[in-house]
Amino acid sequence: MDYKKQVAESIVTALDGQLELQVAYDKIEIPKASNLGDFAFPTFVLAKTLHKAPQMIAQELVESIDQDVYEKVEAAGPYVNFFLDKSAFSQEVLQAVLNQADHYGDATVGQNGKVPIDMSSPNIAKPISMGHLRSTVIGNSLANLLAKTGYQPVKINHLGDWGTQFGKLIEAYKLWGSEEEVKADPINKLLEYYVRFHKEDKAHPELDDEARKWFKKLEDGDEEATKLWQWFRSVSLQSFKHIYDKLGITFDSYKGEAFYNDKMDEVVQILEDHNLLKESQGAEIVDLDKYNLNPALIKKTDGATLYITRDLAAAIYRKRTYDFVQSLYVVGAEQINHFKQLKAVLKEMGFDWSDDVHHIPFGLITLNGKKLSTRSGRVVLLDKVLDDAIDLAKQQIQSKNPDLKNADEVAHEVGVGAVIFHDLKNERMNSFDFDLSEVVRFEGETGPYVQYTRARAESILRKANKQVATDDVVLADPNAWETLKYLQAFPETILRAVNEYEPSVIAKYALHLAKSFNQYYANSKVLVEDDQLNARLALVQSVSSVLKNALALLGVKAPSEM
Ligand code: ARG
């Protein structure tokens, strides 16, 4: 039930239609303090039409509003304050949550439309970075949110598995590499060769020529080059998958940049057909002056195609394959310009669906206030971060609940969940600092705090050891009011998160719900045998269910004991 709409309708009816429903609806506020009711209507809007002072209008409105459906309706200066009927409200919300269980909050707005999400997309032969972690967890949560609201998300890992750097890597490997070394520690060794190449090519520019030759060979399908490339790709992918497994995240497609190699000619052809290609110092570009953007470099002097050319092919391929309603790219804010160019070129190519292509940018993670980068050596190895988080979780679990049976599994869910939650509770464009000890705390605004609250709710239910009946759930306890209102707001919160592509909306919601429930629990006794026991247990079960599902939308597990 849309209570705000109910209030708007009460106002419009009392005014005999002198105000439009939508106007009334948009004006309604949510008072800051609970003693001012659940909704407030400011009467200033009516002063001109009614030629009366707002205070007076408020008084008169209170008299003409049908009060039956409310607990009370009061005038407070120029405002009309509405207090909802707690009995009816609690019954409706608790029944909805209990009956719909995991489907509470499901929506159909997506109408089964397909939404490819380009996410994670690390580069072969380099360690997966904190930026790629952000892309992975934000993309995964958006996929969950889209699925919940009736879309069909397609999670695509657009691996960085092509480009001139592979020429350098092959040359470096041929010079200094060893098969044994790579087998023992693939990513680190490959990175080491690559870094060494960049050091030595300063003094020996001929290395660059060799690298270019290797990349050319690779593009021409040379056997040795292709074999090495495939090997680098597969060992890298193995180490990425190890991290994805730990995070509990899967992909629907691993089509990386290389997949589009045989689709580039068509891109160039369409560009030519639209007369978009211009020569500039031997290279082929698309001028984007009218978009106030730098030209897009499509083909280099030596004919090699570029990152954006492969992205053009990928965008077209996705439209053809999925006939998407939206196509998302969860990629750091440093690539904002790239995606502006991509959209602009698609538009110039005559694809009106370019309007459905959205870059979902995000801010940087810093470590003690400093930017992380491969070159500066300030790399954080994600695998290690996750393992450390799991260890920290394990220590805390052991001190809180030494007898917990599946302690290792729970430690994994809590440690990994803490890292994911910490990332998602920040609005995605905000940069944030990463300090593991803050992330894995059981108090404060953390994932473990939400998980712990949910586990506590489960433990209350275990203690009660009763089947909760759904037909006796009127809970008029004012201590429960805030929690009931949060429960009721879950569906609209999900829609807001999807519309804004903002998982932090859900993370913040989960924190608020958990906090309000802990306050309720501190002030009201749940396990007392009286006629409200079932209603209180219904509240506890509803909180447990909604917290679990909110966490699931973020990609975080909810252990029932910890
Ligand atoms: N591999 C790129 C990087 O690490 C990200 C790719 C993003 N996706 C895309 N379709 N451009 O910077």
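The values are calculated or read from the model by the stated rules, or taken from the named source; none is laboratory data. A quick note: this is a predicted structure, and the numbers were derived from the prediction, not measured. Because the Cβ atoms are built from the backbone with ideal geometry, glycine has one as well, and the counts that use them run over all protein chains shown. Heavy atoms of the whole protein, side chains included, go into the accessibility calculation; ligands, DNA and RNA do not. Shrake-Rupley method; radii C 1.70, N 1.55, O 1.52, S 1.80 Å.
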Around residue 265, with a cut-off of 14 angstrom between Cβ atoms, what is the net charge of the other residues, counting Lys and Arg +1 and Asp and Glu -1? -3
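Given a Förster radius of 56 Å and the C-beta distance between residue 220 and residue 431 as r, what FRET efficiency does 1/(1 + (r/R0)^6) yield to the nearest 0.05? Before the final figure, lay out each step's value.
Details: r = 43 Å, r/R0 = 0.76.
Approximately 0.85, to the nearest 0.05.
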Kirkwood Rh and Cα Rg combined as Rg/Rh, the range 80-173: 1.30
Do any trypsin sites (Lys or Arg not before Pro) in the range 393-423 lie in a DSSP loop with no more than 16 other beta carbon atoms within 10 Å, and if so, which? 405
For the chain, find the longest principal axis of its Cα atoms and tell me its angle to the long axis of helix 504-523, 0 to 90°, nearest 10. 40 degrees
If amide H atoms are modeled at 1.01 Å from N in the peptide plane, then the residues at a separation of 5 or more from residue 159, or on another chain, having amide H under 5 Å from its own are 256, 257
In whole Hz, the Karplus estimates of ³J(HN,Hα) for the range 272-280 (6.51, -1.76, 1.60; θ = phi - 60°; x where Gly or Pro) are 5, 4, 8, 6, 9, 7, 10, 8, 9
Surface share of carbon and sulfur [accessible, 1.4 angstrom probe, percent] for the range 78-227: 48 percent
What is the spin-label model distance, in nm, from residue 52 to residue 290 if the labels are put 7 Å beyond Cα along the C-beta direction? 5.7 nm
Over all viewing directions the Cα convex hull of the range 190-300 casts an average projected area in nm² of 10.8 nm²
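Probe of 1.4 angstrom, ligands and nucleic acids ignored: what's the accessible area per residue over the chain, in square angstrom? All intermediate terms of the calculation are to be shown ahead of the outcome.
On the way: 26200 Å² over 562 residues.
Result: 47 Å² per residue.
Rule-of-thumb check for the range 79-236: C-alpha Rg over 2.2 N^0.38 Å? Numbers along the way, then the final one.
Details: Rg = 25.8 Å, N = 158, 2.2 N^0.38 = 15.1 Å.
Here the Cα radius of gyration is 1.71 times the empirical estimate.
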Taking N as the number of residues in the chain, what is its alpha-carbon radius of gyration divided by 2.2 N^0.38 Å? 1.17
Once Lys and Arg get +1 and Asp and Glu get -1 on their Cβ, which of 165, 207, 357 lies farthest toward the positive end of the dipole of the chain? 207
Amide H contacts under 5 Å for residue 154, restricted to residues at least 5 apart in sequence or on another chain and with H modeled in the peptide plane, are 115, 117
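If you average 1/r over every pair of different alpha-carbon atoms in the range 415-518 and take one over that average, what Kirkwood value in Å do you get? Working shown, then result.
On the way: mean 1/r = 0.0650 Å⁻¹.
When all Cα pairs of the range 415-518 are included, the Kirkwood radius is 15.4 Å.
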Out of the total accessible area of the range 275-347 (probe 1.4 Å, heavy atoms of protein only), what percent is carbon and sulfur? 45 percent
What distance in nm lies between label points placed 7 Å from Cα along the C-beta direction at residue 495 and residue 6? 1.7 nm
Sites residue 523 and residue 409 - FRET efficiency at Förster radius 35 Å, r taken between beta-carbons, to 0.05: 0.55
Charges at C-beta only: +1 for Lys and Arg, -1 for Asp and Glu. How large is the resulting dipole of the chain about its Cα centre, in Debye rounded to 20? 980 debye
Sequence-distant aspartates and glutamates (8 or more away, or on other chains) whose Cα lies within less than 12 Å of residue 347: 355, 356
Calculate the all-directions average of the projected area of the range 252-372's alpha-carbon convex hull, and give it in nm². 9.2 nm²
Near the amide H of residue 357, under 5 Å away, which other amide H atoms are found, from residues 5 or more places off or on another chain, if H is placed in the peptide plane? 327
Which ³J(HN,Hα) values, rounded to whole Hz and listed in residue order, are derived for the range 479-492 from phi using the Karplus coefficients 6.51, -1.76 and 1.60 in 6.51 cos²θ - 1.76 cosθ + 1.60 with θ = phi - 60°, glycine and proline given as x? 4, 8, 4, 4, 4, 4, 5, 5, 4, 5, 7, 4, x, 5
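For the range 36-84, what D do you get in µm² per second when you plug the Kirkwood radius from alpha-carbon pairs into Stokes-Einstein at 20 °C and 1.002 mPa s? Can you show the working numbers first?
Details: Rh = 10.7 Å.
Rounded, D is 201 µm²/s.
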If one takes the longest principal axis of the Cα atoms in the chain, at what angle in degrees, from 0 to 90 and to the nearest 10, does the Cα axis of helix 336-348 lie? 80 degrees
Approximate spin-label separation residue 227-residue 33, in nm, with each point projected 7 Å along Cα-to-Cβ: 8.0 nm
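More than 27 Å apart: what percent of Cα pairs in the range 1-131 qualify?
Working: 3609 of 8515 pairs.
Pairs farther apart than 27 Å: 42 percent.
Report the Rg/Rh value for the range 127-192, based on alpha-carbon coordinates and the Kirkwood definition of Rh.
Working: Rg = 17.4 Å, Rh = 14.7 Å.
Using Cα coordinates only, the ratio equals 1.18.
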Going through 217/300; 255/557; 174/300; 114/485; 155/299 one by one, the pairs whose alpha carbons sit over 21 Å apart turn out to be 255/557; 174/300; 114/485; 155/299
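Given a Förster distance of 22 Å, report the FRET efficiency between residue 321 and residue 112 from their Cβ-Cβ distance, rounded to the nearest 0.05.
On the way: r = 16 Å, r/R0 = 0.72.
That pair, residue 321 with residue 112, gives E of 0.90.
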Name the aspartates and glutamates eligible as straight-distance cross-link partners of residue 463: C-alpha to C-alpha under 15 Å, and not fewer than 8 places from it in the same chain. 529, 561
Using the Cα centre of the range 178-263 as the reference point, and only Cβ charges (+1 on K/R, -1 on D/E), how large is the resulting charge dipole? Debye, rounded to the nearest 20. 360 debye
Through the Karplus equation 6.51 cos²θ - 1.76 cosθ + 1.60, θ set to phi - 60°, convert the phi angles of the range 247-257 into ³J(HN,Hα) values in whole Hz; use x for Gly and Pro. 6, x, 10, 10, 10, 8, 8, 10, 6, x, 4
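Restrict the search to the range 433-496; then list the trypsin sites (Lys or Arg not before Pro) that DSSP places in a loop and that have at most 11 other Cβ atoms within 10 Å of their Cβ.
Values: sites: 441, 454, 456, 462, 463, 466, 485, 496; in loops: 441, 466.
Taking the range 433-496 and a limit of 11 other Cβ atoms within 10 Å, the loop trypsin sites (Lys or Arg not before Pro) found are 466.
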Can you list, largest first and rounded to whole Å, the semi-axes you get for the range 197-237 by taking the square root of 5 times each eigenvalue of its Cα gyration tensor? 22, 14, 6
